[in-house]
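Heads up: the structure comes next, in structure tokens.
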Ligand code: CA
């Protein structure tokens with residue numbers, strides 16, 4: 001897949017350079033961030049197709065970066081870790097990483113995983129990662145402007161309501177638990193009442209649904225969570 005952009009987030013210069021050399025050899029365009037805040041900034045600026053993300057980073061750590069990016073985009077994220085126990089924890093937290101590699105690794109192994117993830121991503125979603133506007137039936141989400149329109153009418157949503165709705169729209173037809181929604185929108189490490197999620201979903205339904213009691217978009221999956229009906 002020539003010219004795919006890859007963002008490497010790693011503060012250890014030698015590792016970042018090694019990966020960059022190998023990826024460029026494979027015709028990828030490579031951007032390197034050396035801390036978590038720079039990672040989020042470069043992600044928003046360059047819209048890469050994939051991210052290789054170290055866990056131990058200055059400023060924001062890799063988990064925080066992963067959560068932030070995942071709430072904005074479905075791009076594949078491959079985590080790098082010095083300890084396999086960290087990785088188990090991360091995958092268990094449901095932060096949304098797609099794969100991981102434990103250090104020390106061979107660059108060839110990382111390249112193989114990068115290619116596998118890109119193949120998978122291209123099959124799953126040809127356009128959502130670069131789209132600024134997401135459409136489902138008569139619902140429109142303007143991702144950069146934080147605007148919602150339903151049946152061509154602008155609807156006012158709070159920032160958190162918008163983030164909940166965006167998270168659903170980026171994961172259509174997928175069951176999301178209240179815990180997952182809470183973690184993505186309110187943040188990892190924050191202790192919260194899961195009823196916050198229920199209340200926000202109720203408000204969103206009142207704003208976007210013709211009949212909030214019989215929702216067409218955010219459906220309740222009893223005993224599990226919710227599912228955004230993307231019309232498949
Ligand atoms: Ca590091």
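None of 99, 21 is modelled with pLDDT of 95 or more, surrounded by fewer than 20 Cβ atoms within 10 Å (Cβ to Cβ) and not assigned by TED's automatic domain parsing to the domain that holds residue 167 except 21. Counted as qualifying within the range 129-210 are the strands (runs of 3 or more DSSP E) with 3 or more residues that are within 23 Å of residue 76 (Cα to Cα), namely 133-136.
Here is a yes/no grid of residues against (1) outside any strand (DSSP E or B); (2) over 19 Å from the mean Cα position of the chain (by Cα); (3) within 16 Å of the ligand (Cβ to nearest atom); (4) under 25 Å from residue 163 (Cβ atoms):
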residue: 39; (1), (2), (3), (4): yes, no, yes, yes
residue: 45; (1), (2), (3), (4): yes, no, no, yes
residue: 57; (1), (2), (3), (4): yes, no, yes, yes
residue: 66; (1), (2), (3), (4): yes, no, yes, yes
residue: 74; (1), (2), (3), (4): yes, no, no, yes
residue: 80; (1), (2), (3), (4): no, no, yes, no
residue: 86; (1), (2), (3), (4): yes, yes, yes, no
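Selection of the range 221-232 for residues being over 23 Å from the mean Cα position of the chain (by Cα) and surrounded by 15 or more Cβ atoms within 10 Å (Cβ to Cβ) yields an empty set. For the range 178-215, which positions are surrounded by fewer than 18 Cβ atoms within 10 Å (Cβ to Cβ) and touching a residue at least 60 places away in the same chain (Cβ under 8 Å)? Across the range 178-215, the qualifying residues are 179, 187, 188.
Based on what the data block shows, is residue 218 more than 21 Å from the chain's Cα centre (by Cα), surrounded by 19 or more Cβ atoms within 10 Å (Cβ to Cβ) and over 20 Å from residue 64 (Cα atoms)? Considered against the rule, which asks whether it is more than 21 Å from the chain's Cα centre (by Cα), surrounded by 19 or more Cβ atoms within 10 Å (Cβ to Cβ) and over 20 Å from residue 64 (Cα atoms), residue 218 comes out as no.
Within the range 1-27, track down each residue that is outside any helix (DSSP H, G or I), over 21 Å from the mean Cα position of the chain (by Cα) and more than 16 Å from the ligand (Cβ to nearest atom). Result: 1, 2, 3, 26, 27.
The values are calculated or read from the model by the stated rules, or taken from the named source; none is laboratory data. Note that the coordinates shown come from a computational prediction; the quantities given were computed from them, not determined experimentally. All Cβ positions, glycine included, derive from the backbone under ideal geometry; neighbour counts span all protein chains shown.
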